[in-house]
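Engineer: Sending over a structure as structure tokens; questions will come in a sec.
The values are calculated or read from the model by the stated rules, or taken from the named source; none is laboratory data. All figures in this text were calculated on a predicted structure; none of them were measured in a lab. Positions of Cβ are backbone-derived with ideal geometry, glycine not excepted, and every protein chain shown enters the neighbour counts. Surface areas here come from the heavy atoms of the whole protein model, side chains and all, with no ligands, DNA or RNA. Shrake-Rupley method; radii C 1.70, N 1.55, O 1.52, S 1.80 Å.
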Amino acid sequence: MRRRTLRRWQYPQVEAGARALARAAVAVCPSRTTVVQALRLLQRRRAPLLVVHAHGRVGVVRPEDLRRARTFGLGRRSVADVAVWTVSTVSAEASEASVRRLLLSGAPAVLVRERGGVVGAVEPFRRAPGTASGARALSLAWRLERQLPGETLGLLRLVGRLAESCGMRVCVAGGFVRDLLRGAPTQDVDLVVEGDGLPLARQLCRELGGSLVVHPAFGTASIEGWAGGRVDLATARRERYAAPGALPGVTPAHIEEDLARRDFTVNAMALTLNPDAFGSLLDPFGGQRDLRTRRIRILHPLSFVEDPTRIFRGARYAVRLGLIFERWTRRSLSVALDLGPYPALSGHRLLAEVELIVSEPGWERALGTLGRLGAFRLLEPSYRFARQASRRLGDLTELLRWARERSVGLDPVPLVLLCLVGHLSASLAERCLRRLALSGEPLARLLAALVEGPAVSGRLGAGAALPASRLAAVLRDRSSEALGYVWLVGSPSTRQQIQWFLDEGRGVRPLLSGEDLLGLGVAKGPVVSELLHRLRDRRLDGQVSSRDEELRLVREWMTPSQTP
Ligand code: ATP
């Protein structure tokens, strides 16, 4: 393909056209072909790509995706499940320029049609990892200079110089590049180094000041306490997943391979920092285009099967960045969910993703999206999201906003979990919570809350309003999870009662202390706390409001005939 392109430049009057650019040897198969059959077909035909037709659409299947699928035990699945369905199609007469435009805008392949059939495919030119770029890469140096605070820009230049002097290639990658392109403030600086990054990290730390934390097992290091924020430095790596959902094995690699292991196109971009190419953009998967068109797109069809936590990450990014899951990505996501459960996927990782979601604004929308996508089937295959869960998540935002305004401490994560499982049967809810690696006391509190919520809310809702002391007696000694859940399942008046209790009721104490009671002649022992509780209840019911009134009351109680 490359040689043909060069020929066109040597003889500019020759228009190569799509037909000439295409690799001729694509093999075509129907969508019922299995992964194993497809691999054999590619081998037999010695074709680099397989074209698959389904429901009037055309997709391509790459040998590496077929091999991945076979490793994951998906040999009998249809090739349609591992196809890339976002390819573009042109006629054989289409100009070379139009094909290149499609590739540059991020099309994973361009299929060439002639007489009703696909005769070939053009794939993006990817330079061999680690080799210098022949093509002129887009330079974002001007953006770096204009957008970054001085110390961050200085850091990037310094890193580039240090790496160059050690003969290494270094890039800043991931969210930093994404946010730079969005014109948003960049956060942590994620550096990726080809080669052993640790000596570079040490040198950098010496120059910057701050403290260095090294994780030799992962080939990563962080510099904290530097004035410009946090700097993470990692050795570029390739990842191999032995089982769906398991943690990957990693080996050192080139930066292009490091980008290829990432979750979404918008996170799979990097900027070179070495002085001769400072600021040049590596965007092999069309991340820039996806940012522009507001799409979340995976890099290969089995991305979610390799790591289903990416589904949660995707929902988080979708809300934070205002993106939507692109159609093929959604399809790959539902294939991944159909392939669950993922025994190798740890519950801790799933819970950590829920926590990350809850730590960001708009979390209820992210969780609602996940619910509608069916993502909570990762907890239990029979999990079904319900409108009730969605409504409770929305209501919870209200409760948490109120709690923040009144400085009432409520941990959102347990309440989110209760919203997600509250509509399920008790046994299914428990299985979901256990799948999130919850056990012991935290699990017991959630299970108790699931029972107490409807019971207490029923009790408060029935009959006339309780006096404050009775209400407090019903609510006292319950966990904040249980109180929150009573609020979530309760009527508006129950919600007011819970808010009153959280804000005021539970903090009410008598003005007299135990010492005061002993001073009044109350005998040491359980009677002291009993009297204090009585005083508290009188205060709750508005029957006493001053110290003198409490003193008078205690004296009355101590007179034998007046003992309440
Ligand atoms: P932000 O949350 O703002 O994106 P970040 O880019 O630093 O910050 P991290 O969660 O720290 O996000 O991850 C760093 C990079 O590592 C991401 O940009 C992404 O490319 C990659 N990454 C993280 N987790 C995964 C994952 N599960 N699968 C693939 N790539 C991942």
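Engineer: Between Glu207 and Arg32, how many nm apart are label points set 7 Å from Cα along the C-beta direction?
Structural biologist: 6.3
Engineer: If eta is 0.890 mPa s and T is 25 °C, what Stokes-Einstein diffusion coefficient results for region 225-296, Kirkwood Rh from Cα pairs, in µm²/s?
Structural biologist: Working: Rh = 14.1 Å.
Roughly 173 µm²/s, to the nearest whole number.
Engineer: Using a 1.4 angstrom probe with every protein chain in place, what is the largest-first accessible-area order of His55, His423? Could you put the intermediate results ahead of the total?
Structural biologist: Numbers: His55 180, His423 45 Å².
Per-residue accessible area, sorted high to low, gives His55, His423.
Engineer: While we're on this one: Beyond 25 Å, what share of the Cα-Cα pairs of region 404-506 remains, rounded to the nearest whole percent? Please report the intermediate quantities before stating the final value.
Structural biologist: Values: 1044 of 5253 pairs.
Tail fraction, whole percent: 20.
Engineer: Okay, moving on. For the chain, build the charge dipole from Cβ charges (+1 Lys, Arg; -1 Asp, Glu) around the Cα centre, then report which of Leu350, Ser529, Pro124 sits farthest towards its positive end.
Structural biologist: Pro124
Engineer: Then there is this: Can you give me the distance in nm between label points at Ser479 and Glu556, each placed 7 Å from the Cα along the Cα-to-Cβ direction?
Structural biologist: 4.1
Engineer: Could you work out the longest stretch of the chain that avoids the trypsin sites (Lys or Arg not before Pro) located in DSSP loops with at most 14 other Cβ atoms within 10 Å? Before the final figure, lay out the partial values.
Structural biologist: On the way: sites that count: Arg32, Arg46, Arg76, Arg115, Arg126, Arg136, Arg294, Arg384, Arg406, Arg476, Lys524.
That would be 137-293.
Engineer: Taking only the alpha-carbon atoms of region 314-410, what semi-axes of the equivalent ellipsoid follow from 5 times the gyration tensor eigenvalues under a square root, in whole Å, largest first?
Structural biologist: Equivalent ellipsoid semi-axes, largest first: 26, 15, 13 Å.
Engineer: Roughly speaking, to the nearest percent, how much of the chain's 1.4 Å accessible area is carbon and sulfur?
Structural biologist: Values: 13400 of 26450 Å².
C and S atoms contribute 51 percent here.
Engineer: If you don't mind, there's one more thing I want to ask. Cα axis of helix 426-435 to longest principal axis of the chain: angle in degrees, 0 to 90, nearest 10?
Structural biologist: 60
Engineer: Along Cα→Cβ, 7 Å out, is where each label goes; now give me the distance between the ones at Arg57 and Ala137 in nm to one decimal.
Structural biologist: According to this spin-label approximation, the distance is 3.2 nm.
Engineer: Can you give me the long-range amide H partners of Gly120? Hydrogens built in the peptide plane at 1.01 Å from N, cutoff under 5 Å, separation of 5 or more residues or another chain.
Structural biologist: Amide H to amide H, under 5 Å and 5 or more residues apart or across chains, Gly120 pairs with Val112.
Engineer: Let me ask you something else. Using a 1.4 angstrom probe on the protein heavy atoms only, could you order Leu181, Leu418 from most to least accessible area? If you can, show how the numbers build up before the last one.
Structural biologist: Numbers: Leu181 25, Leu418 0 Å².
Sorted descending by solvent-accessible area, the residues read Leu181, Leu418.
Engineer: D for region 186-242, whole µm²/s, Stokes-Einstein with Kirkwood Rh over alpha-carbon pairs at 20 °C and 1.002 mPa s: what number?
Structural biologist: Details: Rh = 11.7 Å.
Using the Kirkwood radius from Cα pairs, D works out to 184 µm²/s.
Engineer: Moving on. How would Met269, Met558 line up by accessible area, probe 1.4 Å, largest first?
Structural biologist: On the way: Met269 0, Met558 75 Å².
Reading off the accessible areas and sorting them downward yields Met558, Met269.
Engineer: Just to be sure I understand: if I project the alpha-carbon convex hull of the chain onto a plane and average over all orientations, what area do I get in nm²?
Structural biologist: Values: hull surface 138.6 nm².
Average of the hull's projected areas for the chain equals 34.7 nm².
Engineer: To the nearest 20 debye, what charge dipole does the chain have about its Cα centre, counting +1 at the Cβ of each Lys and Arg and -1 at the Cβ of each Asp and Glu? Display every interim value, and only then the final one.
Structural biologist: Numbers: 83 positive and 56 negative charges, 597 e Å.
Value, rounded to 20: 2860 debye.
Engineer: Can you give the FRET efficiency for Arg146 and Arg230, using 1/(1 + (r/R0)^6), R0 = 22 Å, r = Cβ-Cβ distance, to the nearest 0.05?
Structural biologist: On the way: r = 23 Å, r/R0 = 1.03.
Taking R0 as 22 Å, the efficiency between Arg146 and Arg230 is 0.45.
Engineer: Additional query: For helix 327-338, what angle does its Cα long axis make with the longest principal axis of the chain, in degrees from 0 to 90 and rounded to 10?
Structural biologist: The answer is roughly 60 degrees.
Engineer: Once the piece of chain linking Arg101 and Trp500 is laid out straight, how much longer is it, given 0.36 nm per residue of separation minus the C-alpha distance between them?
Structural biologist: 137.4 nm
Engineer: Counting only helical runs of four or more DSSP H residues, what would the 222 nm mean residue ellipticity of the chain come to if each run contributes -39,500 (n - 2.57) and the total is spread over all its residues? Each step should come with its number before you reach the end.
Structural biologist: On the way: 26 runs with 274 residues, N = 564.
Dividing the helical sum by the residues of the chain leaves -14500 deg cm²/dmol.
Engineer: Right, next: State in Å² the accessible area per residue of the chain; use a 1.4 Å probe, count heavy atoms of protein chains only, and round to the nearest integer. Mind dumping the intermediate values first?
Structural biologist: Working: 26450 Å² over 564 residues.
Ligands and nucleic acids excluded, the figure is 47 Å² per residue.
Engineer: Using the 2.2 N^0.38 Å rule of thumb for compact globular proteins, work out how region 500-544 stacks up: its C-alpha Rg over that value, please. Intermediate values should be presented prior to the final figure.
Structural biologist: Working: Rg = 11.5 Å, N = 45, 2.2 N^0.38 = 9.3 Å.
For region 500-544, the normalised Cα radius of gyration is 1.23.
Engineer: List the residues whose amide H sits under 5 Å from the amide H of Asp307, counting only those 5 or more places along or on another chain, with H placed 1.01 Å from N in the peptide plane.
Structural biologist: The answer is Gly245.
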